[in-house]
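Everything below concerns the one structure shown next.
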Amino acid sequence: MSYTVREIFHSLQGEGVQAGRPAVFLRFAGCNLWSGREADRETATCRFCDTDFVGGEKYPDAQGLAEAVKAVGGATRYVVVTGGEPGLQLDGALVEALHGLGFEVAIETNGTVELPSGLDWVCVSPKAGTTLKVTRGDELKLVFPQAGAMPGDFEHLDFAYFLLQPMDGPERDAHTRAAIGHCLTHPRWRLSLQTHKIVGIP
Ligand SMILES: C[S@@+](CC[C@H](N)C(=O)[O-])C[C@H]1O[C@@H](n2cnc3c(N)ncnc32)[C@H](O)[C@@H]1O
Ligand SMILES: Nc1nc2[nH]cc(C(=O)O)c2c(=O)[nH]1
Ligand code: SF4
Ligand SMILES: [Mg+2]
């Protein structure tokens, strides 16, 4: 199978429990919850996306894409597969090829599509108005606040960590204060800041 890749870059994981960890980001093109076109944002299922995932380059096979990831990352052997929605393209062949080059493989997913097995770190970020197919994993990272996706809706799921990530946009500071308040009164939830935006790295 071929893959359409928006970008590959070397940075630090900015979010979640693994924040601060050097990582190669493999960002796939395309998402099932938004076309990526601004004209469609207000009618999309997911309307707050902070990412350009439109277009990109085709890679015909898993091994070639895994080697491209390695070439970008220097000595780093941790890859965060994201998008767009990476569950639409990530398959067992690519997970195997990345493992074969010594990578631990993490994913950032909206949780609406089944994932291949063998992933080393699964971060699910649920979106209001969708049905979760991925109901277990390592961290559940809810963008907050979201009408129709309350923290309590997810607490019964099988995740090791539960995080609230303030919704970025013009109201980010107010969303951050609200997320802090929720964590203080519901201590199984932790705050996830988008630290790469604070320090100005990709
Ligand atoms: C761009 S998404 C790509 C992966 C996948 N489609 C998903 O939604 O999880 C990467 C992460 O950024 C989060 N995110 C997107 N827009 C955001 C925003 N405006 N504020 C805070 N987090 C945001 C998502 O919830 C997800 O955890
Ligand atoms: N530094 C950095 N960390 C991230 N963690 C998740 C990201 C994403 O867009 O999926 C992301 C990103 O875009 N940059
Ligand atoms: S599901 Fe993820 S990639 Fe898709 S629009 Fe929402 S935040 Fe962006
Ligand atoms: Mg991002």
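Worth a mention:
- With R₀ fixed at 22 Å, the C-beta to C-beta distance from Leu191 to Phe48 puts the FRET efficiency at about 0.80.
- Partners of Lys127 within straight-line reach, counting aspartates and glutamates whose Cα lies under 16 Å from its Cα and excluding those fewer than 8 residues away in the same chain: Glu42, Asp50, Glu85, Glu108, Glu114, Glu139, Asp153, Glu155, Asp168.
- For region 55-128, Kirkwood radius (reciprocal of mean inverse C-alpha pair distance, Å): 12.7
- Those lysines that a straight Cα-Cα span of less than 19 Å connects to Lys58, excepting residues fewer than 8 apart in one chain: Lys70
- Virtual spin-label span in nm between Arg21 and Arg37, 7 Å along Cα→Cβ: 3.8
- Counting 0.36 nm for each residue step from Ile201 to Lys133 and taking away their Cα separation leaves a gain of 21.3 nm.
- Inter-probe distance in nm under a simple model that places probes 7 Å from Cα toward Cβ, at Glu57 and His10: 1.5
- Rg(Cα) / (2.2 N^0.38 Å) computed for region 105-151, rounded to two decimals: 1.12
- Percent RCO, i.e. relative contact order, over region 3-199, from Cα pairs under 8 Å lying at least 6 residues apart: 18
- The chain, Rg to Rh (Cα coordinates; Rh as Kirkwood inverse mean 1/r): 0.95
- Relative protection proxy for 143-153, 2-12, 77-87, 121-131, from highest mean packing down: 77-87, 121-131, 2-12, 143-153 (other beta-carbon atoms within 10 angstrom).
- Estimated translational D of region 59-98 in µm²/s (Stokes, Kirkwood radius over Cα pairs; 25 °C; 0.890 mPa s): 230
Only the coordinates and a few stated rules stand behind these numbers; no lab work does. Model, not experiment: these values are computed from the prediction. Note: ideal-geometry Cβ built from the backbone for every residue, glycine included; neighbour counts use all protein chains shown.
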